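Written below as structure tokens is the structure these notes are about.
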Amino acid sequence: MDAPLTETKLMSMEDWLDQFGDEPFEFVDGEKIPMSPSVSGSNYTARILEKALDRVVEAQKLGEVLVEATFVFTDNPQWVRRSLIPDVAFVKLEKLVAFRTRYPNWKELPYMIVPDLVVEVLSPTDRQSDVRRKTARYFEEGVQLVWVVDYLNEVVEVFNKTGFVRELTNTDTLTAGDIIPCFELTLETLFT
């Protein structure tokens, strides 16, 4: 007997845009997941990462670093299959150019592209199981690198599409490999 096919639940882009204006949410497996309010520690950490990434990305003209940007994953621009909001993301220039060319009204839309790097900064209310599921979803969509930053314990977990790579601590240096060449940030600096 064949395994039953799972039905993907979609939301129309029109409904998604209408509802998102009321309260930001992620859309996963047909379910709206409201975004939790952030705390100052997670915002501060995300801002340090964004600034450090942006210096290198801008200098090399590699793309854009985005903070709390909404990414919609879809096979048809009229329908939303999944939407996720990482704390920080990097998107390569060629993807941004293609998105903006395909959608002349791109300023009115969420990003309908796959980021190359995403950063999730843990908040005290985040559950580890939820973060692991979200990390897996990023890779299902094609993200190449995920950093999970735990500023309270001063640890960064690095994942690539093959899975967990390593845990970095205060004496280590965070890099982005080929995704953002020349990017280096000591965790001591990040967690100061």
Within region 117-140, the residues that are modelled with pLDDT of 90 or more and either part of a loop (DSSP other than H, G, I, E, B) or small (Gly, Ala, Ser) (or both) are Leu122, Ala136
Just to be sure, is Thr192 closer than 26 Å to Ser40 by Cβ and at pLDDT below 95?
yes
Scan region 6-43 for residues that are over 20 Å from Trp79 (Cβ atoms) and in contact with a strand residue (DSSP E or B) (Cβ under 9 Å, 6 or more places away or on another chain) and jot them down.
Glu23, Pro34, Met35, Ser38, Gly41, Ser42, Asn43
Could you count how many residues in region 141-184 are under 25 Å from Glu58 (Cα atoms), touching a Ser or Thr at 6+ places or on another chain (Cβ under 7 Å) and assigned to a loop (DSSP other than H, G, I, E, B)?
1
Meets criteria (in a helix (DSSP H, G or I), closer than 26 Å to Glu108 by Cβ and touching a residue at least 24 places away in the same chain (Cβ under 8 Å)) for Val57:
yes
On the given criteria, is Glu157 surrounded by 14 or more Cβ atoms within 10 Å (Cβ to Cβ), free of Cβ contacts under 8 Å to residues at least 12 places away in the same chain and not polar (S, T, N, Q)?
yes
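For (1) closer than 17 Å to Pro86 by Cβ; (2) under 19 Å from the mean Cα position of the chain (by Cα); (3) among the β-branched types (Val, Ile, Thr), each residue gets a yes or a no:
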residue: Glu141; (1), (2), (3): yes, yes, no
residue: Val148; (1), (2), (3): yes, yes, yes
residue: Phe159; (1), (2), (3): yes, yes, no
residue: Phe164; (1), (2), (3): no, yes, no
residue: Asn170; (1), (2), (3): no, no, no
residue: Thr173; (1), (2), (3): no, no, yes
residue: Gly177; (1), (2), (3): no, yes, no
residue: Glu188; (1), (2), (3): no, no, no
residue: Phe191; (1), (2), (3): no, no, no
Restricting the search to region 44-102, which residues are of a type in the set (A, V, I, L, M, F, W, C) and more than 18 Å from the chain's Cα centre (by Cα)?
Val56, Ala59, Trp79, Val97, Ala98
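In this structure, does Gly163 turn out to be closer than 28 Å to Ser36 by Cβ and out of contact with any His (no Cβ under 7 Å at 6 or more places or on another chain)? Walk me through how you get there before you give the answer.
On the way: closer than 28 Å to Ser36 by Cβ: yes; out of contact with any His (no Cβ under 7 Å at 6 or more places or on another chain): yes.
Yes; evaluated as a whole, the condition is true for this residue.
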Part of a helix (DSSP H, G or I), without any contact (Cβ under 8 Å) to a residue 60 or more places away in the chain and farther than 26 Å from Pro24 by Cα: is that true of Glu188 in this structure?
yes
Of all residues in region 26-42 being in a helix (DSSP H, G or I) and touching a residue at least 60 places away in the same chain (Cβ under 8 Å), the one that is surrounded by the fewest Cβ atoms within 10 Å (Cβ to Cβ)
Gly41
Going by what's in this entry, would Pro86 be described as in contact with a Pro (Cβ under 8 Å, 6 or more places away or on another chain), modelled with pLDDT of 95 or more and in a loop (DSSP other than H, G, I, E, B)?
yes
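The values are calculated or read from the model by the stated rules, or taken from the named source; none is laboratory data. Just so we're clear, the structure is a prediction, and the values are computed from it rather than from any experiment. Note that each Cβ is placed from the backbone with ideal geometry, even for glycine, and that neighbours are counted across all protein chains shown.
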